[in-house]
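Notes follow the structure.
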Amino acid sequence: MPLAGLLPSGSGEGWRTRAVRLLLIGVAVFFVLAAGYTSSLIVQRQTALREVSRYNVAWLASQAVVELAKLQQRVATHALSRSEADADEVQLRLDILANRAALLRRGEVKELVASDPDLSSTIAELAAAVEAAGPLVAALGDSKSCGLLIELLAPLEPKLARLASAANVLGGDHVAEDQRQLSRLHWIFSGILLALATCGLGLFALLLWHNRLLQRTHGALLARTTELHTQNERFDAALNNMSQALCMVDAEQRLIVCNRRYMEVFGVPPALVKQRTPMQDILRAIISAGGHPAELAEVIHEEQQALIRDRLPANFFREHSSGGALAVSHQPMPGGGWVATYEDITERRRAEARIAFMAHHDALTGLPNRLLLRERLDQELRCLDQQGGWLAVLCLDLDQFKQVNDTLGHPAGDTLLQLVSQRLRACVRPTDTVARLSGDEFAILQPSTDQPADAQALAERLVKAIGAPYDLGGHRVIVSVSIGAALAPTDGDNADDLLKNADMALYRAKADGRATFCFFEPEMHLQLQTRHAVEMDLRDAVEKQQLELFYQPLFNVEAGRISGFEALLRWRHPERGLVSPIQFISLAEETGLIVPIGEWVLRQACADAMRWPAQVKVAVNLSALQFKSPSLVQAVSDALEGAGMPASRLELEVTESVLLQDNEAILALLHELRGLGLRIALDDFGTGYSSLSYLRIFPFDKIKIDQSFVREMADRPDCASIVNAIAGLAVSLGMTTTAEGVETREQLQQLQRAGCTEVQGYYFGRPMPAGEVAAFLAPGTKRTDLACGWPPGLQRAGQEVG
C-alpha cells in the first residue's frame, strides 16, 4: 500500500505571502479612510465656496448706502415731477431699503455691529427711518411729505457710509480667511490625491510582487509536490523491498500502511489492504485462508493484544509447526496505535542451530567437542551428587596417528579420524558421551553403577575395536589407542580434576607401551609433579652449566683405529646426580628446550674435538624438532666458526622421523647443511618402513645400523641377513656404515665379514667425559678390560695394530 505524503508546512514563501496580504489589507483600509476624508474635505470646500459666493457683510452695507441714495434720488425726482410713476419707484426703493435694513440685522452684520455701539445705533436709526418713511411715502402727494422724507433720510447717509466702511474692512478679513481656508483645502486635497496616486502605484507594485510570489510559491509547491511524489515512490520502494514485513495501525486499530512483504508473509489479499481497514477484518481474512500464515498470525495477534492494551514495546519470535519462525518487533506510537515489523528468521534459526551445533561439536567427526564435553561432565557430576553412582572419564589418544598423517597425507588422516569416531560410537551406550578433544585425542563419559568393571570392559572393547585394520584409499593402516581412566567421586569431584587425572593415566598408558589402558592412581600426581620439577630444573640446566657431553668411540674396521667419537648428552643434576638422556631428552623435546640445548651441544662438541688429533671426527645427534628451527644452519656454522674446526670433522646424525615432517623442506635444509662441508648420517636405519625411499631422495654419507639387529646377529639369521643387506646396499650406494651396539668379538667378526665400515659399542669403550678422551687416545695405554678398553690386535688413533 503506497505511503501517503503530506505537503511540508512553513515553506520559505509563506511569510512573504502573508506579508503581502497584510500590506494589501492595509492599503485597502487606507483607501477607505482617504476616500472618507476626501469626501469630508469636498463638503467643506463646497460649504466654503457657498459662503464665499453668498452676500457678505461689506456688500450688504454698501448696498444699504446705495439703496438709500437711490431712494433719496427718487424722492427728489418725484418732488420735481410729481409723477405717479416716480411715486411707485420711491415705494419700490423704500421696500428695497427696508429689506437691506432687515439683512443688516442678521448674519455677519449682526456680529459686526455687536462689537461697535455706534454701528448698532446706525442700523437702529436706519430701521426707524425706514419705518417712519413708510407713511411719508404713502402721502407723497402732499408737498410737505417729500421734504419731510428727505430730511428724515439725510442724516442716515454718513452713518451708513461709516457702516459700509467697517463692513468692507470686515469683509476683506473674511475674504482673506476664506482664501486661506480654500488654499489649505486645496493642498490637503492635492496631497490626498497624490497619496492615493502613490498608493495606487504601490498597490500595483504590490500586486505585481504578489503575483510573482504566487508564481514562485506555485512553482515551489509544484516542485515540492514532485519531490514529495518522488519521496513517496522511494518510500514505497523502500517499504516494499524491505526484508521485514511492516504494519502500522492507528489508535482505532485500523490499518495505516503495510508493505508487500507483510502481504506475502501472512497471505493478505491486495484488495483488502487499503487505508483505514480494520485489523480484525484483515485477521479474519488471514485465518480463513488457513495454513501456516494463519497459525502464526493468530498466535502473534494474541501476543500483540496484550502489548497494545498495556502500550508496551516488545521483541519476540514465534515458530509454527513446519519449523518456520517469525521475529516480531512491536512498538507503540504516540497518541495511540502501533507499528510492528515481522521478519522471517527461519533460515537464521536454522543457521543459529547449526552454529550452536558447530560450537559444541567437532566439524570433522560430528562428535561433541571439549566445550560440550565439559557441559555434560558438569551435568553428570550434578546427577552424581543427587542420585549417587559412579562416573568414568576416559581419555584416549591414537598411537602412530602422526606417521599415518605424515606419510599418507592429511586427507587420509581425516578419514582415519572419522572411521575411529564411528568405532567409538559403536562401542558405547546411548547414555555415554564420546567427544573429540583435539587432533587424535578423544574422551568418553560413562555413567554407571558398577565401576571400575564397566570402565575396564569398555576400555578393552575400545582397544580391540580401534586396533582393527583400516582401509584408507587402498592403504591398509593399523593404529592403536592408549586409554587413561579416572573415576568419580574417588578420583575427583569436579571436571578439572577428573580430566587432569584421566590425562595422567593416559600418559602412564603410553609410557607402558601403548595400545593399553590404565586407571588413575594417586602416585601419578606425584610423578607429574616430579616431571614438572624436572622440567623447571632443565630450563636452568644450560645457564647453570649442569649439562655436559660424554663421548663414545667410533672404530674404523678397515683402518683398524679410532676414527671419531659420538657426543652423548648428560645432565649432572646437583641433587639427582648424573641423569640419563632417556629421562630428559623427550621432556626437552616436548617443552621446546631441545633447540637451545642442541645449539649448546654443537658448540661444546666442536670445542672439545679441537683438543683431539686432527683425523678424529665428532658425531652429533640432531633432534627432529631442531629442524623446525630457522636458525639451525646458522647455529652449526657458528659452532664450527667459534671452535675453528674444519667442517669435514663434524658429522650430523639424523633419524628417519626428521624426514617424516616435510620432505621438500627437510631435504633443502639437509643439502644446505651438507653445503657447509660436513657429513650427514642416517641414524637407527632399518627401524622404519620407509628407509629405502630416504636413501633414494637424499645421498647420505653414512648409514648407522640399529643396535637391535647387531645384538641378535649370532642367534637370529634374519638379523644377520638384514645387516649384510644394509652393508651391501651402502657399498653399492657409495656410503659408509656404522654398526651400533657391538659388545662381543663374535659380533665384531660378523660385522667385518658383512663389510661394515665402522663399529661402535661397549666392546670398544663406554661413553666417557670429555676430560678422559685425551688419556684414552694417548699412545701406550694398555687395555685391561674388554668391557671398557681396547680389544686385542686393535689400535688407537695414530697407532698400528700390535
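Points worth noting:
- Across segment 98-105, rounded Karplus estimates of 3J(HN,Hα) from the backbone phi angles (6.51 cos²θ - 1.76 cosθ + 1.60, θ = phi - 60°) give 4, 4, 5, 5, 5, 5, 5, 8 Hz, Gly and Pro being marked x.
- Annotation: per residue accessible area for segment 155-204 equals 60 Å², rounded to a whole number [probe 1.4 Å, protein chains only].
- Ratio of Rg to Rh over segment 416-456 (Cα coordinates, Kirkwood Rh, two decimals): 1.00
- Gyration tensor verdict on segment 532-667 (Cα atoms; rounded if a/c is under 1.5, prolate if a/b is larger than b/c, oblate otherwise): oblate
- Diffusion coefficient (Stokes-Einstein, Kirkwood radius over C-alpha pairs, 25 °C, 0.890 mPa s) for segment 342-450: 157 µm²/s, rounded to a whole number.
- With q set to 0.13, 0.16, 0.17 Å⁻¹, the log10 of I(q)/I(0) for segment 476-568, from the Debye formula over equal scatterers at the Cα positions, is -0.70, -0.80, -0.83.
- Overall form of segment 261-355: oblate. Here a/c, set by the Cα gyration tensor axes a ≥ b ≥ c, is 1.5 or more, and a/b is not larger than b/c.
- Computed over the chain, the per-residue total of -39500 (n - 2.57) for DSSP H runs of n ≥ 4 gives a 222 nm mean residue ellipticity of -19500 deg cm²/dmol, rounded to 500.
- Highest average packing first - 293-306, 383-396, Cβ atoms within 10 Å: 383-396, 293-306
- Scattering curve values for segment 93-174, log₁₀ I(q)/I(0), Debye with Cα scatterers, q = 0.15, 0.17, 0.21, 0.23 Å⁻¹: -0.56, -0.68, -0.94, -1.07
- Segment 678-752 - Kirkwood radius from inverse mean 1/r over Cα pairs (Å): 12.5 Å
- Derived scalar couplings between HN and Hα for segment 459-476 equal 4, 5, 4, 5, 4, 5, 5, 5, x, 5, x, 10, 10, 10, x, x, 9, 8 Hz in order, rounded to whole Hz, by the Karplus curve 6.51 cos²θ - 1.76 cosθ + 1.60 (θ = phi - 60°), x for Gly and Pro.
- Long-range tail of P(r) for segment 529-585 (Cα pairs > 18 Å, %): 43 percent
- Between the amide H of LEU472 and those of VAL477, distances stay under 5 Å, these residues lying 5 or more places away or on another chain, with hydrogens modeled in the peptide plane.
- Debye log10 I(q)/I(0) at q = 0.12, 0.21, 0.23, 0.29 Å⁻¹ for segment 238-299, Cα point scatterers: -0.26, -0.80, -0.96, -1.33
- Computed from the Cβ-Cβ distance with R0 of 25 Å, the FRET efficiency linking GLN305 to ARG276 stands at 0.80.
- Sequence ranges 341-354, 492-505, ranked by mean other-Cβ count within 10 angstrom, highest first: 492-505, 341-354
- C-alpha long axis of helix 581-591 to longest principal axis of the chain, angle in °: 10 degrees
- Residues in segment 544-571 reached by a label modelled at GLU743 [backbone nitrogen below 18 Å; 7 Å Cα→Cβ]: 552-553
- Relative to the dominant Cα principal axis of the chain, helix 663-674 is inclined by about 70°.
- Karplus-derived 3J(HN,Hα), 6.51/-1.76/1.60, for each residue of segment 633-647, Hz, glycine and proline x: 4, 5, 5, 5, 4, 5, 5, 5, 5, x, 8, x, 9, x, 5
- Value in Å of the Kirkwood radius, where segment 199-358 supplies the Cα pairs that are averaged: 18.7 Å
- Put simply, the amide H of GLU758, placed in the peptide plane, has neighbours under 5 Å in VAL557, THR737, THR738, ALA739, leaving out anything fewer than 5 places away on its chain.
- Ratio Rg/Rh, restricted to the chain and using Cα atoms, in which Rh is the Kirkwood radius: 1.66
- Segment 289-333 and segment 569-640 have Cα centres lying 73 Å from one another.
- Nearest-0.05 FRET efficiency for GLU641 and ARG539, computed from C-beta distance (R0 25 Å): 0.35
- Calculated diffusion of segment 321-388, Stokes-Einstein form, Kirkwood radius summed over Cα pairs, 20 °C and 1.002 mPa s, µm²/s: 136 µm²/s
The values are calculated or read from the model by the stated rules, or taken from the named source; none is laboratory data. Please read all numbers here as calculations on a predicted model, not as lab measurements. As a convention, Cβ positions derive from the backbone with ideal geometry for all residues, glycine included, and neighbour counts pool all protein chains shown. All accessible areas refer to the heavy atoms of the entire protein, side chains included, with ligands and DNA or RNA removed. Shrake-Rupley method; radii C 1.70, N 1.55, O 1.52, S 1.80 Å.
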